[in-house]
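All of the numbers you see were taken from the coordinates with simple rules; none came from a lab. Since the structure is predicted, the reported quantities are computational estimates derived from the model, not experimental observations. Note that we place each Cβ from the backbone using ideal geometry, even for glycine, and neighbour counts take in every protein chain shown.
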């Protein structure tokens, strides 16, 4: 029967994910096969065979995904298969080093060197370089991007950090076909960058070559927030437009069979020219299958073409199943194809656009929440406008402008992009309406999948409202989940050389954040500035809060006004609602100025202040009233959480520690957040003998220039027989507890 290839394709996808290994996906695979056995017995055997084949196939591929290199200093001959990515003073490229690939990363020294490297390092260039091989960093915070796992899924195991790139030791060798295509692609992107205004060049390069390096970071963020980032990805619409136009032009000069054969040869080349992302590969491979069948005078069901494409790509690279672009491309396309009869029954073009956008958003919802933690409420309506706008206006003009480079066309395209970007900024910045839900757990995901499947079935039966009610119920359950969860947590995030501590009470009775850390701002030459420099608030703290489903902080506690403690506070206040800021008297003026644009009330807290929420109790031990010092005026908090007493010592030094001991001679704590990142001027022997911590947590940056934590402090803690956890070595430290106690977890044991 037509359209039945989807069943073994789905089994193959589940099998690859289950072999990763994943117990949850294993369970889903078993349930899926059982349902097939009961409801579609004729599809059970092909699905079972596909599942067994791809399960074993992935295990074999993964077993052989190993490195033959070792860490340390090496002299390597590396080959550039694509032009390196140069962002400010950083150069990166995946290069071939013998039989395996390594990720080259180099800091450029001068502006002249930057231009020379940009001009000389092209596909097919081989260089002899000396440098260090280092392991990529794994994720050091919950929900964070795991760079080591990402590179391994691209069969890369090492970072190669060359001491210098001597262009005299580089030669251009005979390029492969793919390298020739990469060179053509790079030349095309540079041509667009040279001839188009900056605001239009990024959009044109993304639409034609799948290259986003010239896109403004705010524009990308806006498109992503609004749920229209797919418009900047080359996908089925682009390929359909290209194939249709090429076929219509070619059959005027050659037979249809010859034109189809030429397109079968051209599409793989176009996939490379367009960046070879999963969505491009999916669109081109599906197009090739359809054309091949037509060449043989046959017909193929669209779902079968999509399914065979999925199976082919899994054979080509089974790791692709974890790519978010792969997941969204196939799931949304499947939903639209499976639902085509309902979409075709729309009475008007506007109704068809709305139903298509609704179907796509429903299908993408679990993936969007898992990877991005939030949804934009008005994305369906905006897709109704932006999809035809891009399909019928922006995309054709982009192709014409790039091909003919006619100045009036480029001017028109630039004006249209300015108008489009203004609309994007209006909805993403000025009138943003984001619903933060957090990352759904396995059972929550299962609930979404069940509700969405039921919604599509109800839609086909004419009961759309009932189906949407099921999805709304699943969303409501996720919103309510934290408020019925008896577990609380304390998480010391890995924010480098700074502090950021997340506290959530059981049943989400309250959520607190102690400090936000901050990213140092260095004065840099213009050519060194990167398009998206790392910002700890935007890249670590805010994503963690959103993944937790936090929309409101009951208190933002800023211990003092050093940048490594409060620098990211504006980013936090811009992302979540903050009911109140509590800080030390000395930091009050600076914090008030910082909070004023966000209309957040600020209050100073001093020794003797205390509050209680349920079984959790909090007491401010320092500073005393009138203390306006910096480190020694930091706000010190004692908390009772999960049957443990916690002492959060901020950045106090010996003088403040002595004042604490005098004021509280019986002070004890089970867990000590070590003061001042382990500086030798803090955590004195007398202080430790008084507090007697059983565990000590040091929030400190890797390879920091201060030498923190001090060897003397580590020795004192060991003499106290305290368990020591450090964020530079262990990543984030998490304590999850309930009324019966709790357990500690570290990201990097």
message = Give me 345, 130 sorted ascending by neighbouring Cβ count inside 10 Å, so fewest comes first.
response = 345, 130
task = Once you have the Cα-Cα distance between residue 392 and residue 592, take 0.36 nm times their residue separation minus that, and quote the gain in nm to one decimal.
result = 67.0 nm
key: Proxy reagent accessibility, fewest Cβ within 10 Å first, across 67, 176   = 176, 67
ask   = For the peptides 693-701, 501-509, 241-249, what is the packing order when you average, over each peptide's residues, the other Cβ atoms within 10 Å and list the highest mean first?
value = 693-701, 501-509, 241-249
query = With each pseudo-label sitting 7 Å past Cα toward Cβ, what's the residue 64-residue 736 distance in nm, one decimal?
reply = 3.7 nm
inquiry  = Please list, short to long, the whole-number percent of alpha-carbon pairs of segment 46-198 in consecutive 5 angstrom bins beginning at zero.
reply    = 2, 8, 14, 18, 17, 15, 11, 7, 4, 2, 1, 0
remark   = One finds, for residue 464 and residue 640 with R0 = 30 angstrom and r their Cβ-Cβ distance, a FRET efficiency to the nearest 0.05 of 0.05
ask   = To the nearest 10 degrees, how steeply does helix 256-273 sit against the main Cα axis of the chain, on a 0 to 90 scale?
value = 20 degrees
query = Seen from all sides and averaged, what is the projected area of the convex hull of the Cα atoms in the chain, in nm²?
reply = 35.7 nm²
Which of 487, 297 has the fewest Cβ neighbours within 10 Å, and the rest in rising order = 297, 487
request  = For segment 181-439, report the translational diffusion coefficient in µm²/s to the nearest whole number, using Stokes-Einstein at 25 °C, 0.890 mPa s, and a Kirkwood Rh over Cα pairs.
outcome  = 126 µm²/s
ask   = Under 17 Å from the 7 Å Cα→Cβ point of residue 184, by amide nitrogen: which residues of segment 78-97?
value = 82-83
remark   = FRET efficiency for residue 137 and residue 169 from the Cβ-Cβ distance with R0 = 22 Å, rounded to 0.05, comes out at 0.15
ask   = Between residue 619 and residue 689, what is the label-to-label distance in nm when each label sits 7 Å out along the Cα-to-Cβ direction?
value = 2.3 nm
remark   = Taking R0 as 45 Å and r as the Cβ-Cβ distance between residue 552 and residue 405, the FRET efficiency 1/(1 + (r/R0)^6), rounded to the nearest 0.05, comes to 0.30
query = Using mean Cβ contacts within 10 Å as the protection proxy, how do 196-209, 370-383, 68-81 order, highest first?
reply = 196-209, 370-383, 68-81
note = If one compares the long axis through the Cα atoms of helix 395-404 with the longest principal axis of the Cα atoms of the chain, the angle in degrees, nearest 10, works out at 70 degrees
Computed [θ] at 222 nm, deg cm²/dmol, the chain (DSSP H ≥ 4; -39,500 (n - 2.57); rounded to nearest 500) = -14500 deg cm²/dmol
query = Taking Cα pairs under 8 Å and at least six residues apart, what relative contact order does segment 105-218 come out at, in percent?
reply = 25 percent
message = Run the simple label-point estimate for residue 662 and residue 748 please: 7 Å along Cα→C-beta, distance reported in nm.
response = 4.1 nm
ask   = Mean separation of Cα pairs under 8 Å and 6+ residues apart, divided by the residue count of the chain: what relative contact order is that in percent?
value = 9 percent
task = Calculate, in nm to one decimal, what residue 527 and residue 301 gain on full extension: separation in residues at 0.36 nm each, minus their alpha carbon distance.
result = 76.1 nm
key: Ranked by how many other beta carbons lie within 10 Å on average, peptides 258-265, 306-313, 445-452, 106-113 from highest   = 306-313, 445-452, 258-265, 106-113
The chain: angle of helix 302-316 to the longest principal axis, Cα-based, in degrees nearest 10 = 60 degrees
remark   = A chain fully extended from residue 712 to residue 345 at 0.36 nm per residue, minus the present Cα-Cα distance, gains in nm 124.6 nm
Percent of beta bridges antiparallel (DSSP, the chain, rounded to nearest 5) = 75 percent
